[in-house]
1. Out of the stretch 176-194, which residues are part of a loop (DSSP other than H, G, I, E, B) and more than 16 Å from Gln12 (Cβ to Cβ)?
2. From the residues in the stretch 125-139 that are among the hydrophobic types (A, V, I, L, M, F, W, C), out of contact with any Leu (no Cβ under 6 Å at 6 or more places or on another chain) and within 21 Å of Leu62 (Cβ to Cβ), which one is surrounded by the most Cβ atoms within 10 Å (Cβ to Cβ)?
3. What is the number of the single condition among (1) in contact with a helix residue (DSSP H, G or I) (Cβ under 9 Å, 6 or more places away or on another chain); (2) outside any loop (DSSP other than H, G, I, E, B); (3) farther than 19 Å from Val110 by Cβ that Glu218 does not meet?
4. Which residue pairs have Cβ atoms under 7 Å apart, sit 6 or more places apart or on different chains, and have a first residue in the stretch 147-174 that is closer than 19 Å to Met96 by Cα and among the aliphatic types (A, V, I, L, M) and a second that is modelled with pLDDT under 95 and open to solvent by less than 40 Å² (accessible area, probe 1.4 Å)?
5. Take Leu32 and decide whether it is under 20 Å from Ala165 (Cβ atoms) and within 20 Å of the chain's Cα centre (by Cα).
6. Please work out which one of (1) free of Cβ contacts under 8 Å to residues at least 40 places away in the same chain; (2) farther than 25 Å from Ile68 by Cα; (3) surrounded by fewer than 22 Cβ atoms within 10 Å (Cβ to Cβ) is the condition Gly142 fails and give its number.
7. Spot the failing condition for Ile200; the list is (1) open to solvent by 70 Å² or more (accessible area, probe 1.4 Å); (2) outside any loop (DSSP other than H, G, I, E, B); (3) touching a residue at least 12 places away in the same chain (Cβ under 8 Å); (4) more than 22 Å from Val60 (Cα to Cα), and only one is missed.
8. Would you mind finding the one in Gly142, Gly182 that is within 15 Å of the chain's Cα centre (by Cα) and of a type in the set (Gly, Ala, Ser)?
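The values are calculated or read from the model by the stated rules, or taken from the named source; none is laboratory data. What you are looking at is a predicted structure, and each value in this text was computed from that prediction instead of being measured. No Cβ is skipped: glycine too gets one built from the backbone with ideal geometry, and neighbour counts run over all protein chains shown. Protein only, heavy atoms only, side chains kept; ligands, DNA and RNA dropped before computing areas. Shrake-Rupley method; radii C 1.70, N 1.55, O 1.52, S 1.80 Å.
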Amino acid sequence: MKLFIDDANTEQIRRLYDLYPVDGVTTNPSILYKSGRDPKEVLSEIRSIIGNDPLFVQAVPLDAEGMIEDAVAITEAFGRETIVKIPSIPEGFKAMKKLKEMGITTCGTVVYTPMQAYLAAKAGASYVAPYVNRIDNMGYDGIAVTKEIHDILVRNDMDCIVLAASFKNSQQVKELCAYGVGSATAAPDVIDGFVRNAAIDQAVSDFCTDFAKIDGAEKTMKDYLK
């Protein structure tokens, strides 16, 4: 499963890229708004941090023509490695078909139902993004819906993978990772939560403490191997 950072905080992105084996960054209009910065400025900085890794940027208009114009501008500004997020609505499907013909990679976003995902994949999207926690908040099972979408894509041999989004905890990500979905995007605190565990920290501390007892000095392996 590919793992993306769902954020536009460049300090957090730098930190996570330094620590973890992440695959890229996803954004949306709300995330860009929360950054408090000019969209071009922050997206350009993200691109400089992540190199040629995938960067997801959403088209804002609600009509197909406007989505296509945004998509062209986005890929011209941030490179062909940039995936354009298109809402999975009728005008969005129209835009996805045209963008596929133009060689622009898209992600069908704002996915709440399996048939939205199916239509986005049929229209040419390379990713579909079900909103796990938001589906839960509607009274449905976001994990189950996402698994069903994954099964539809696989069983119909569609050239499209799930980009699971909107998580509230690392357990949700783990369930989808174990199921084999194509990718997930999570906020920095959720990613940190993958290994945030007092028992882990204590075990590491105990190993270091015991090693120092060998001769009562603070040494590492390299000191004994000189």
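1. Of everything in the stretch 176-194, those that are part of a loop (DSSP other than H, G, I, E, B) and more than 16 Å from Gln12 (Cβ to Cβ) turn out to be Gly180, Val181, Gly182.
2. Among those that are among the hydrophobic types (A, V, I, L, M, F, W, C), out of contact with any Leu (no Cβ under 6 Å at 6 or more places or on another chain) and within 21 Å of Leu62 (Cβ to Cβ), it is Ala125.
3. For Glu218, the failing item is (2).
4. none
5. Here the answer is yes, as Leu32 does meet what is asked.
6. Only one criterion in (1) free of Cβ contacts under 8 Å to residues at least 40 places away in the same chain; (2) farther than 25 Å from Ile68 by Cα; (3) surrounded by fewer than 22 Cβ atoms within 10 Å (Cβ to Cβ) is unmet by Gly142, namely (3).
7. Going through (1) open to solvent by 70 Å² or more (accessible area, probe 1.4 Å); (2) outside any loop (DSSP other than H, G, I, E, B); (3) touching a residue at least 12 places away in the same chain (Cβ under 8 Å); (4) more than 22 Å from Val60 (Cα to Cα) one by one, Ile200 breaks only (3).
8. Gly182
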